[in-house]
1. Sort the following peptides by mean Cβ neighbour count (other Cβ atoms within 10 Å, averaged over residues), highest first: A:221-230, B:75-84.
2. Can you list residues from other chains, or at least 5 along the same chain, whose modelled amide H is less than 5 Å from the amide H of A:Leu103?
3. Tell me, what HN-Hα J-couplings in whole Hz come from the Karplus equation 6.51 cos²θ - 1.76 cosθ + 1.60 at θ = phi - 60° for each residue of the stretch B:308-317, using x for Gly and Pro?
4. Residue-wise, which Karplus ³J(HN,Hα) couplings in Hz belong to the stretch B:94-111, taking 6.51 cos²θ - 1.76 cosθ + 1.60, θ = phi - 60°, and x for glycine or proline?
5. Could you tell me, in Å, what Rg and Dmax come out for the Cα atoms of the stretch B:20-184?
6. Among the complete DSSP H segments of chain A, which ones combine at least 24 Å of alpha-carbon extent along their axis with a mean Kyte-Doolittle hydropathy of -0.5 or more?
7. How about A:Lys7: which lysines have a C-alpha closer than 21 Å to its C-alpha, ignoring those fewer than 8 places off in the same chain?
8. Taking each residue of B:67-74 in turn, how many C-beta atoms of other protein chains fall within 10 Å of its C-beta, and what is the average?
Amino acid sequence: MGITEEKVKELEEKANAIRISIIDMLEDAGSGHVAGPLDMADIFTVLYFHTLKHNPKKPDWPERDRLILSNGHICPVLYATMAYAGYFEVKELKTLRKFGSRLQGHPHRDFLPMLETSSGPLGSGLSQAVGMALADKMDHGMTSQRRIYALLSDAELESGQSWEAAMLAGKEELHNLVAVVDRNNIQIEGYTENIMPIESLSDKWRAWNWHVIEIDGHNMEEIADSFETTKAVFGKPIVIIAHTIAGKGVPEFERDYRWHSKVVNKEQESRAIKELRTLGGKIRSEHQ
Amino acid sequence: MLNPDLKLNTKIFDKGIEQVPIRQGFGEGLLQAGEENLQVVGLCADLTESTKMNLFADKFPNRFVQIGVAEQNLASVASGMAAMGKIPFISSYAMFSPGRNWEQIRTTICYNNQPVKIAGSHAGISVGPDGGTHQAIEDIAITRVLPRMIVLSPCDSVEARKATLASVDTGTPVYIRLAREKTPVMTTDETPFDIGKAQIFWSSTNPKVGIIATGGLLHKALLAAKELEGKGIEAEVMNLATIKPLDDKAIVELAKKTGRIVTVEEHQIAGGMGSAVAECLAQNFPVPIEFIGVHDQFGQSGTPDELIEHYGLGTKSIIKAVEKILKR
């Protein structure tokens, strides 16, 4: 198992470029969410550039895996990763949140049909993913090769519907379903454990018959390996609890819950991009 | 007289008219839909027998999903299945679906443009002894405001079966309103049914009032029209089984022909079928309207007849409304 060092370097550089685009597009937009997109950049990069069975030139390819973004507000990372993966041109990222843009403030399939779901209101994405996994299992049984990936925030697990979905997935033994929880510990008004404690998180998923994997959400090798590992799990849905650093990549933003949805101004943008460019340089030299 | 073109039940005014719960028609329609289309799946929130989805579930256990008491999940799981090409029918009591899960229906079904069919049983106050918590009298209002949603409110079990079958291929979300109690069977297998088409069940040569009814109360409206005929007042009675999209043309025609409209529904007056009719006529052909419905109140326990009487939804109330509007 494991991915080559060269692949790790390629993924890290890609994630770094995606982070720069995220900062850039958020400053242009003048609103939007910062911390989540930055901290999920590594996981999105592994999914789109290593794990997912997909075809950016043929987004409606029926055999593709499905990626459901439940916490739609982190869509800058979805849009940026899709652009770098070749779904559309990177320059379109500049239109985020503007009138007439395909890149709506929260993802909307009417505008960008290549999205699997429109999302925004928290707590519903896992249910939709469960529905997809159920339909897939109805058609292909236990031999299904397809994976349904549901990307969730940690704070949306404060909603009851998430656990309704978790219960059903456990009952139906949906081995084709992989949920990823962005455990960044923040939400709009503070730190999750102050707003509404959700620990002990892994025990909760286990109680509903899920196979639980915990990873460092910024370690490319661990991320890639965890997705690979899920394929060996039988008769249970899988949840990957990804421990991430809110705002990862820009020390000024890291671990500060206020960056959940604070506006990035011009000065902050240039400092952040400088940080990330330096980091990019480090990635290149470390792997040389 | 009864419109002969519609091939209605000739025993419509007999005391011993056959009575069947409207939800039964949904169950039979879904079973038939399941036989005809392999993509049809059923999902239920622990009310399979009550909503008559059991007919489908027993025949097609592999295409049925028992969701448990989790209506929010019910709606969104169905959305996910629709995204994979299935045609999901979900059922519960209307109070819980589309009541409790309205936002999930809005976002994961309508906003996502997924063709999920929502069967809401036990709509109206005629639910009876269960009381106000279980009597959905807001469901038309909350579904007809949703873009893409088709809203169907069949008058009897036969029409409910046809409405269920017609909803399979719309490619859109559909809400089908169902009632618990036994309801007179007014239509027959031969009665035509098309989504979006209103029908005149009772016609007159020189009508002075048009009565537009939806759901099981249509029978009360027909009884009222017959009684009014005895008093020398001619009326026309329209069955409005599709509340959205509204058959504007037929409604305007009726208003032009009669000059006055009385709407009849087992629903809050605010936002219901009468409101939809009023929106249409206010724009196209304003005439006086009287609304039979629930006046900003909740339901309560009682027999269906007691409740229909108490909330002023019965034949007597319809006649009174007609007499009132004739004086306006």
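1. Top of the packing list down: B:75-84, A:221-230.
2. It is A:Arg97, by chain and number.
3. Result, ordered by residue: 4, 5, 4, 8, x, 10, x, 4, 4, 5 Hz.
4. Karplus values, whole Hz, x for Gly and Pro: 4, 4, 9, 8, x, x, 5, 9, 4, 5, 5, 5, 4, 7, 7, 9, 6, 5.
5. 13.8, 41
6. A:5-29
7. Hits, sequence-local ones excluded: A:Lys53, A:Lys231, A:Lys248, A:Lys282.
8. Across the residues of B:67-74, the mean count of other-chain Cβ atoms within 10 Å is 6.
Rule-based calculations on the coordinates, nothing more; no lab input. Keep in mind that this is a model prediction, so the values were computed, not measured. Every residue, glycine among them, receives a Cβ derived from its backbone with ideal geometry; neighbour counts consider all protein chains shown.
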